[in-house]
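Input: a single structure, listed below in structure tokens.
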Amino acid sequence: MAETLARRLADFAAGTGYDTLPGPVVDSVRKRILDILGLCVAAGPLPTSRAALAYVAEQGGRGQARVIGLAEPVPAALAAFGNGVLAHSLDYDDTHLPSVLHPSAAVVPAALAAAELAGASGRDTVAAVAVGLEVCVRLGMAGYDLKAGNSVFFEHGQHATSICGALGGAVAAGRLLGLSADGILDSLGVAASMASGLIEANRTGGTVKRIHCGWSAHSAVSAALLARHGITGPPTVLEGRFGFFEAFLRGEYDPSAITDGLGTDWSVPGIFFKPYPANHFTHAAIDAAMALRARGLDVDDIETITLGAPTAVIRTIGQPIEVKRAPETGYQAQFSGPYAVVAGLLGGGGLGLGLGDFTDALARDPRRRALMARVEVVPDERCDEIFPNQFPAVLRVRTRDGVEWTEEVLTNRGGPDRPLSDAELAMKFRDNVAGRLPAATVELIEAEVARLDRAAGIDVLMALAAGPVIDLEETP
């Protein structure tokens, strides 16, 4: 049989050692691990987090890996599930463009669980995360339609993050569990039958999206373990007549996105970090609103607000408009263009907006509701030309005296064109764990991540990050 796409990915994963990784990739992976651990700690108080961790705790089983917020280790696949749920729950995790994937929230929890189970070194963990992220991104880009400027996964209502994340995570987990290239190939083949995720909740509500990366990471570790026990997958799992791309994308995919530059051209350092805890489509709107406020716009004088955005994102942040203008919860507010604008005009935590700017109370605040009612979300031709390599916004505000204020934000903060500094990423981590971890523990976690390539394992890191224990009795 001719070399298949899955074989190419498996050989890449098995053959890429820590010493072969470019410096920027290693540095990027360390930062992403720290970012994910901070998000997991921050998400602990959410009712959905308690629900997911209660589910994990009641499953029982052999303690193999740690979950942030639980006192005792749990089976590795369940640890991956729990941490994956936490990592994605705040919509504060990184994004790859133009695929619109959130790779780290699925791949990092899978890798950490597998690394603990296997007793893998820090160096091996970094290498596994790197190849897992790369595989995840390349699969997402294979399903990206360059002409349409949109993900084919999304066009079919599928959450590309959890689907591609399951396969990227399986590669990372298989590598850490000591599988050969053949075993990693089988891990891909098994994970493809477990990958799933629908994005309707982005439009009309429901909290199921918060478990997507958890299920993805669980599938990844489970697939690798099953492959280790002898379950095999089809070598043509990706391009086959009844394979991954046919099933998910009806055969619309670009194989060159997987193979071109594999092992030499790394996507990992270019994945965007999020400065704000909201859907990435809203970030430029937040920046534009904050810029208008800095220029002296008086919120009380606003008559109308028009948010221009790429046409493709409006269904996520602007439709149904009556829902987006009146979010009932902080979670719904994270997917609302009108709320993003208002938060940018009125808020101010973290790196500009923080977790405290997206609460249930603020989503229902009468003053914010009144401002949101004045926001229109419309397609913008210039934004369409730039999307999806950036998620731009053009904000126009008319005040009662007839003056129009305009602010354009055409590149996203946190990406290669406007990167977050090391100090800003550290600030984000500390803001996320503030009040939940002692200052001394925070410093130890940062030190452990910084020396990960010299650590014999990740047990110390995970033990530090695991607390405080979440009260599961509060679960509805």
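The values are calculated or read from the model by the stated rules, or taken from the named source; none is laboratory data. In this text the structure is predicted, and so the values were computed from the model without any measurement. Quick reminder, even Gly has a Cβ in these numbers, built from the backbone with ideal geometry, and neighbours come from all protein chains shown. The area values use the complete protein model at the heavy-atom level, side chains included, leaving out ligands, DNA and RNA. Shrake-Rupley method; radii C 1.70, N 1.55, O 1.52, S 1.80 Å.
Of the residues making up the stretch 241-265, just one is over 24 Å from the mean Cα position of the chain (by Cα) and surrounded by 18 or more Cβ atoms within 10 Å (Cβ to Cβ), namely Gly243.
Of all residues in the stretch 399-425, those being crowded, with 16+ Cβ neighbours inside 10 Å and more than 22 Å from Pro277 (Cα to Cα) number 2. Residues of the stretch 443-459 that are part of a helix (DSSP H, G or I) and out of contact with any helix residue (DSSP H, G or I) (no Cβ under 6 Å at 6 or more places or on another chain): Glu443, Glu446, Ala447, Ala450, Arg454, Asp459.
How many residues are among the aromatic types (Phe, Trp, Tyr) and open to solvent by 10 Å² or more (accessible area, probe 1.4 Å) when one looks only at the stretch 336-362? Of the residues in that region, 1 qualify. Here Val129 does not qualify as under 20 Å from Gln158 (Cβ atoms) and assigned to a helix (DSSP H, G or I). When the stretch 56-69 is filtered for residues that are open to solvent by 10 Å² or more (accessible area, probe 1.4 Å), over 21 Å from Glu443 (Cα atoms) and either touching a Ser or Thr at 6+ places or on another chain (Cβ under 6 Å) or touching a residue at least 24 places away in the same chain (Cβ under 8 Å) (or both), the ones remaining, listed by number, are Ala57, Gln64.
Going residue by residue through the stretch 137-159, is there one that turns out to be surrounded by fewer than 24 Cβ atoms within 10 Å (Cβ to Cβ), without any contact (Cβ under 8 Å) to a residue 24 or more places away in the chain and within 18 Å of the chain's Cα centre (by Cα)? Within the stretch 137-159 (the criterion being surrounded by fewer than 24 Cβ atoms within 10 Å (Cβ to Cβ), without any contact (Cβ under 8 Å) to a residue 24 or more places away in the chain and within 18 Å of the chain's Cα centre (by Cα)), the answer is no, since none of the residues qualifies. If you go through the stretch 458-476 and pick out every residue that is open to solvent by less than 20 Å² (accessible area, probe 1.4 Å) and not β-branched (Val, Ile, Thr), you end up with 4. Any residue at all in the stretch 201-221 that's among the hydrophobic types (A, V, I, L, M, F, W, C), free of Cβ contacts under 8 Å to residues at least 40 places away in the same chain and either open to solvent by less than 30 Å² (accessible area, probe 1.4 Å) or under 14 Å from Pro75 (Cα atoms) (or both)? Looking through the stretch 201-221, at least one residue is among the hydrophobic types (A, V, I, L, M, F, W, C), free of Cβ contacts under 8 Å to residues at least 40 places away in the same chain and either open to solvent by less than 30 Å² (accessible area, probe 1.4 Å) or under 14 Å from Pro75 (Cα atoms) (or both).
Residue-by-condition table, conditions (1) modelled with pLDDT of 95 or more; (2) in a loop (DSSP other than H, G, I, E, B); (3) within 22 Å of Ser187 (Cβ to Cβ); (4) out of contact with any strand residue (DSSP E or B) (no Cβ under 6 Å at 6 or more places or on another chain):
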{"position": "Glu58", "(1), (2), (3), (4)": "yes, no, no, yes"}
{"position": "Ala79", "(1), (2), (3), (4)": "yes, no, yes, no"}
{"position": "Gly82", "(1), (2), (3), (4)": "yes, no, yes, yes"}
{"position": "Ala105", "(1), (2), (3), (4)": "yes, no, yes, yes"}
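Could you go through the stretch 295-313 and let me know if any residue there is within 20 Å of the chain's Cα centre (by Cα), surrounded by fewer than 24 Cβ atoms within 10 Å (Cβ to Cβ) and touching a residue at least 24 places away in the same chain (Cβ under 8 Å). For the stretch 295-313, residues within 20 Å of the chain's Cα centre (by Cα), surrounded by fewer than 24 Cβ atoms within 10 Å (Cβ to Cβ) and touching a residue at least 24 places away in the same chain (Cβ under 8 Å): present. Residue check, Lys428 against (1) open to solvent by 30 Å² or more (accessible area, probe 1.4 Å); (2) part of a helix (DSSP H, G or I); (3) touching a Gly at 6+ places or on another chain (Cβ under 8 Å), all met but one. Which one? That leaves (1) as the condition not met. Restricted to the stretch 431-457, and to residues there that are in contact (Cβ under 8 Å) with a residue 12 or more places away in the chain and among the small types (Gly, Ala, Ser), the residue that is most open to solvent (accessible area, probe 1.4 Å) is Ala456. In summary, His280 fulfils each of the numbered conditions (1) buried (at least 21 other Cβ atoms within 10 Å of the Cβ); (2) modelled with pLDDT of 95 or more with the single exception of condition (2).
Rundown of residues vs (1) closer than 17 Å to Ile271 by Cβ; (2) in contact (Cβ under 8 Å) with a residue 24 or more places away in the chain; (3) aliphatic (A, V, I, L, M), yes/no style:
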{"site": "Gly44", "(1), (2), (3)": "no, yes, no"}
{"site": "Pro75", "(1), (2), (3)": "no, no, no"}
{"site": "Asp94", "(1), (2), (3)": "yes, yes, no"}
{"site": "Pro103", "(1), (2), (3)": "yes, yes, no"}
{"site": "Ala106", "(1), (2), (3)": "yes, yes, yes"}
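Considering (1) open to solvent by less than 10 Å² (accessible area, probe 1.4 Å); (2) among the hydrophobic types (A, V, I, L, M, F, W, C); (3) not in a loop (DSSP other than H, G, I, E, B), the lone condition that Ala51 does not fulfil carries the number (1).
Residues in the stretch 32-45 that are out of contact with any Gly (no Cβ under 6 Å at 6 or more places or on another chain) and crowded, with 20+ Cβ neighbours inside 10 Å: Arg32, Ile33, Leu34, Asp35, Ile36, Leu37, Gly38, Leu39, Cys40, Val41, Ala42, Ala43.
For Gly356, the test of being of a type outside the set (Val, Ile, Thr) and under 24 Å from His96 (Cα atoms) is failed.
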